[in-house]
Amino acid sequence: MYGLLIRGRGQIRPEVVSMNKKDSKKYEKILEEKKKQIITELLRDNEDYSGLSDESMGDLVDQAYKMAEKDLIFGMSQNEKATLQMIDAALERITDGSFGSCIACGQEIESKRLEIMPYALKCIKCKTAEEKETMHMSQQSESLQQYIGDDALGGDSDESSDIGISDSLD
């Protein structure tokens, strides 16, 4: 059912599970609405584009969104930028037929996960494993910092060595 595909120069990637067209369209609509919501909030918060939210303008608003989106990217938070990028990537995956498949294992991403985060890249199992690995790496880094001490992480090494030299001369 789920196999591994070998693609180019020895790269092994999981086989992609395709989502049915009905569900794809549902998530495409959800993603487009989420994107529009983020951009509308940005437009509302930005005085230069506040007049674009008038719904009587119809298609003009859609065109303005596309034109203003690049300008707004400079003024938005990192979280908003990342969310818009993930939404755009998810919309591309819908187009290429890979939406709904975990990028790590190829299994179908659970619908309850996609309902909450329609731009999710990984299934719950793979995302949990990734978070555990990240937490483990963070703990190792903290342990290393404690072991090395503050001097190695930004203390004034010249001052420390001067003290060490003068102490040894006495």
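The values are calculated or read from the model by the stated rules, or taken from the named source; none is laboratory data. Note that the coordinates shown come from a computational prediction; the quantities given were computed from them, not determined experimentally. Every residue, glycine among them, receives a Cβ derived from its backbone with ideal geometry; neighbour counts consider all protein chains shown.
Number of residues in the stretch 99-123 that are part of a helix (DSSP H, G or I) and surrounded by 14 or more Cβ atoms within 10 Å (Cβ to Cβ): the value is 2. Applying the criterion of being part of a loop (DSSP other than H, G, I, E, B), among the aliphatic types (A, V, I, L, M) and more than 14 Å from residue 114 (Cα to Cα) to the residues of the stretch 1-42, the residue that is modelled with the lowest pLDDT is 1.
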